[in-house]
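The values are calculated or read from the model by the stated rules, or taken from the named source; none is laboratory data. Because the structure is predicted, anything quoted here is derived from the model rather than measured. Glycine gets a Cβ as well: all are built from the backbone with ideal geometry, and neighbour counts include every protein chain shown.
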Amino acid sequence: MIWVTLSEPSANTFAASLVAAGFPVLQRPVTRIRPLPVVFAPGLETPRYVICLSRHAAEQYAAHYDQNERLRSVQSVVHVAIGATTAYPLRPIGCPVVLPASASSEGILDLPQLADLASEDNVWLLTGVAGVATVQRSLKERCRLHCFELYSREVDLADDLAVASITTWVVGSVHGLHGAWDNWQRFGGGNDFSVVVFSERIARAAEQLGIKRLTVAAAPQPNAVIAAVKEFGYAR
């Protein structure tokens, strides 16, 4: 059985695709998302770019959009989304959206649009508490970076988990990896399982936990996860 550990709404999307592909699936998110109150003050300087690092951040940004005059005033600014699922909540706003070739922090930093950032350029970074620091560390040395933490994550401990039936985990973040690991240990899970992750960074974190059987999906998308599961034969 494949355990989809992603938070909603991604969990539902991935689980439905895996079921449609014929795999037995347990849809049990390990992370609870809590929106945070964020003030986009009228005096904020107009950014050259708005960079969004997750779908949750994009959803919170979009939720603030209609009620916030300052956000509406940057509609024409290029918005950089880390991947297609992150771009989805941004498109109804009508802002121009750019995607990196690789749905990762490294992909964002490799974008040609960011190559000529200057120290006087303003950039807004939309993320969660304790989110990916790679982009933040790099950009704060190159421009005037304003970081907005739009949500927090909490590990959601399950009341029950059928560890004996689970052969494969699908994990979308380092925080989700640790949440899955905490739940797995809580219910006495063994070592006979595999993990499909969305990035090399998550894979390195999994290796640090001692997880040996893992692979990185070609993209953080259902079809890529299905391809990884089929190729490596993880589901039983």
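Per-residue answers, yes or no, for (1) closer than 25 Å to N68 by Cβ; (2) of a type in the set (V, I, T); (3) in contact with a His (Cβ under 7 Å, 6 or more places away or on another chain):
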site	(1), (2), (3)
V4	no, yes, no
N12	no, no, no
T31	no, yes, yes
A41	yes, no, no
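What residue, of E59, E69, is surrounded by fewer than 16 Cβ atoms within 10 Å (Cβ to Cβ) and of a type in the set (D, E)?
Unique residue meeting the criteria: E69.
How many residues does region 191-210 contain that are within 12 Å of T168 (Cα to Cα) and touching a helix residue (DSSP H, G or I) at 6+ places or on another chain (Cβ under 9 Å)?
Going through region 191-210 one residue at a time, the tally reaches 5.
To keep it simple, each residue is scored yes or no on (1) of a type in the set (D, E); (2) under 14 Å from the mean Cα position of the chain (by Cα); (3) exposed (fewer than 15 other Cβ atoms within 10 Å of the Cβ).
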position	(1), (2), (3)
S102	no, yes, no
I108	no, yes, no
L114	no, no, no
D121	yes, no, no
L126	no, yes, no
R142	no, no, no
L150	no, yes, no
D159	yes, no, yes
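With touching a strand residue (DSSP E or B) at 6+ places or on another chain (Cβ under 9 Å) and surrounded by fewer than 15 Cβ atoms within 10 Å (Cβ to Cβ) as the only criterion, which of T86, T46, T5, T31 stands out?
T46
Among the listed residues A217, A228, A180, A205, identify the single one that is buried (at least 18 other Cβ atoms within 10 Å of the Cβ), modelled with pLDDT of 90 or more and touching a His at 6+ places or on another chain (Cβ under 8 Å).
Answer to the selection: A205.
Please return the ranges of helices (runs of 4 or more DSSP H) entirely within region 43-151 where 3 or more residues are closer than 28 Å to R201 by Cα.
The qualifying helices (runs of 4 or more DSSP H) are 55-65, 84-87, 105-109, 134-139.
Given the criteria touching a Phe, Trp or Tyr at 6+ places or on another chain (Cβ under 6 Å) and part of a helix (DSSP H, G or I), does A164 qualify?
no
Among (1) crowded, with 16+ Cβ neighbours inside 10 Å; (2) modelled with pLDDT under 95, where does H79 come up short?
Failed condition: (2).
Could we say that Y49 is of a type in the set (F, W, Y) and at pLDDT 95 or above here?
yes
Would you call A11 out of contact with any Lys or Arg (no Cβ under 9 Å at 6 or more places or on another chain), crowded, with 17+ Cβ neighbours inside 10 Å and small (G, A, S)?
The answer is no for A11.
Can you confirm whether region 172-190 contains a residue that is within 19 Å of L26 (Cβ to Cβ), in a helix (DSSP H, G or I) and under 14 Å from the mean Cα position of the chain (by Cα)?
Within region 172-190, one or more residues are within 19 Å of L26 (Cβ to Cβ), in a helix (DSSP H, G or I) and under 14 Å from the mean Cα position of the chain (by Cα).
I'd like the full set of residues that are within 21 Å of A62 (Cβ to Cβ) and either among the charged types (D, E, K, R) or in contact with a Phe, Trp or Tyr (Cβ under 7 Å, 6 or more places away or on another chain) (or both), limited to region 136-161.
H146, F148, E149, L150, R153, listed by residue number.
State the number of residues belonging to region 189-202 that are closer than 21 Å to A164 by Cβ, surrounded by fewer than 21 Cβ atoms within 10 Å (Cβ to Cβ) and not polar (S, T, N, Q).
The number of residues fulfilling the criteria is 4.
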